1. How far, in nm, would the chain grow between B:SER68 and B:THR166 when pulled straight, counting 0.36 nm per residue and subtracting the alpha carbon separation?
2. Note down the nm distance, to one decimal, between modelled labels 7 Å out along Cα→Cβ at A:ARG246 and at B:THR10.
3. Tell me, in nm to one decimal, what length is gained between A:ASN4 and A:SER63 on full extension, where the rule is 0.36 nm per residue of separation less the Cα-Cα distance?
4. Could you please state how large a percent of the accessible area of segment B:16-83 is carbon and sulfur, counting protein chains only and using a 1.4 Å probe?
5. Using the Cβ atoms and a cut-off under 13 Å, what net charge is assigned to the surroundings of A:LEU269, where Lys and Arg are +1 and Asp and Glu are -1?
6. Could you work out, for segment A:22-74, what percent of all Cα-Cα pairs fall into each 10 Å distance bin, beginning at 0 Å and stopping at the bin that holds the largest distance?
7. If DNA, RNA and ligands are ignored and the probe is 1.4 Å, what is the ranking of B:THR173, A:THR18, A:THR306 by accessible area, most exposed first?
8. For A:GLN29 paired with A:ALA286, estimate the spin-label separation in nm (one decimal), with each label point 7 Å from Cα along the Cα-to-Cβ line.
Amino acid sequence: MIENPDKEVLAAEYVLGTLGLAERVQVQQMIASDSTFAALVRDWERRLGELNVLVTPVEPPPSILEWIKARHASGDPIRDVLVEEPPPAAEPAPTIVPPAAEPATIAPAAAMPPAIESPSIEPAPAPRPQPLPPSVERDTASSAQVIELSRRARRWRGTALAIAALAAAFVGIVVVREVKPELMPDPLKPRVVERQVEVVKTVEVPSPRPAQYVAVLQRDATSPAFLLTFDLDKRTLTVRTVRAERQPGKAYELWLVSDRFRSPRSLGLIGNEEFTQRPQLANYDAVTINGATYAVSLEPEGGSPTGAPTGPVLFTGKLLQVTPPTFAAPSP
Amino acid sequence: MAGAQSEVLTPADLVELIAAVAKGDEAAFDRLYAATRAKLYGVVLRILRRTDLADEVMQDAYLRIWRSAGEFDPSRATPITWMVAIARNRALDVVRKKGEASLEEEPQAAETASDEPTPLARHEMTDQLRRLLACLGDLEEERRRLVLLAYYSGWSREQLAEKFETPVNTVKTWLRRSLLQIRECLGS
């Protein structure tokens, strides 16, 4: 018999999925701390889990397995979505699947099979434009566009993953410690522009301020170059445009690519002036900032229309830390 | 490998694969993934309705399956219900987290599409499923729809209330009675 109907129903509703955010958090804490309650949940997972048989299988994209393996190999933790992840700078929505109708009616047991209709879902993404009319007609051209966007998003994530190994091959990365932003570019600029190989240099300026980090994004000596200065203390980002040809109707947009997020996060457009200061990093913690890949893409004037990179990716680079942040005194 | 065709594996095969995965056998993980990916993707896509979110949830779910394969207890769950529970939980967390701001648009939107019904062959049904469906069949029509909609689409009480044009408290009562009735009916 049912010993505690309240707990029984709570466990069942958790499994069924009808609880709100706060209740889900609460139940997950109960599962972790109360093995009797955890067993109730497990039993409901077994009971209701049988319904999966009626769900129409949908083939996932092939890249997912590669991602799982890469994340497994790197020991990437599985984050708790209910408590983490800072608010998104711009909510990307590259693909929207047309909503599924409710599951088909199940006849009473006596008259049941073989007429059970399976709930199914249309795997093809719907067009993105917001005013979705009640009866959506599938527009193949728009669909193709959305699929392309989604592919692009996946490619971006692939880029982020591969970058740990490959970044140095493409960009010069300079890590500077305790440099005032206004002083920083000058001593570095000639080297950065002249050399096509990786530049790793430590510059120390006597200062009580905490470490600042710089990444140089440049593909080769003739391509545009940007210097990014990060003040982890103030969470500000300064972009210095060392050399970048302005293209009419185009703008350079800076992105933060992190495996903590589902898609690249915009850090804003890089202005036409030599220095662009951005406070956007306030939304991200130090671990994210340190671990992220930074990328510049060429977007239409005004920035990416979708909230995700749409133009060619010009550069990617990571911060490298060559001196410990606790380093106190400048070397002789 | 990534492009491997789905094999038809019995639950016993899956139990063995999970045990091998727990011992670090990556090839076993490949086979487990190949055999279950489309089912799990179908489950989470139905709840999330966005492929980018579903892709992410798939990664997290299979990472968890991989890393906690040693905790799988075949006496307490079947392999597929265990895996589906992991994936659904993740999908529900994501959809609740993101969905708080946009509750109102979803129920209406969900009525605009219609399903292609896929008949389910009798042999695909497990005894457990038959019993569950029999118990669901004992529920009043509306409450049965409520439970199924919640399970398949991951709707919250609030979304169900809107869909059924009834107060949230009524939905809560319906859910409570229906779930307790199912529990009594199944007996285990």
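The values are calculated or read from the model by the stated rules, or taken from the named source; none is laboratory data. Treat the numbers as computed from the prediction; the structure is a model and nothing was measured. Glycine also receives a Cβ, built like all others from the backbone with ideal geometry; neighbour counts cover every protein chain displayed. The protein model used for the area step is the full one, side chains on, heavy atoms only, and it has no ligands, DNA or RNA in it. Shrake-Rupley method; radii C 1.70, N 1.55, O 1.52, S 1.80 Å.
1. Working: separation 98, 0.36 × 98 = 35.28 nm, distance 4.06 nm.
31.2 nm is the gain from fully extending B:SER68 to B:THR166.
2. With each label point 7 Å from Cα toward Cβ, the separation is 7.3 nm.
3. On the way: separation 59, 0.36 × 59 = 21.24 nm, distance 4.50 nm.
Taking A:ASN4 through A:SER63 to full extension adds about 16.7 nm, to one decimal.
4. Of all accessible area on segment B:16-83, carbon and sulfur atoms account for 47 percent.
5. On the way: positive: A:ARG246, A:LYS250, A:ARG278; negative: A:GLU253, A:GLU273, A:GLU299, A:GLU301.
Every neighbour counted, the sum reads -1.
6. 19, 23, 35, 23
7. Values: B:THR173 55, A:THR18 0, A:THR306 30 Å².
My answer, sorted largest first, is B:THR173, A:THR306, A:THR18.
8. 2.8
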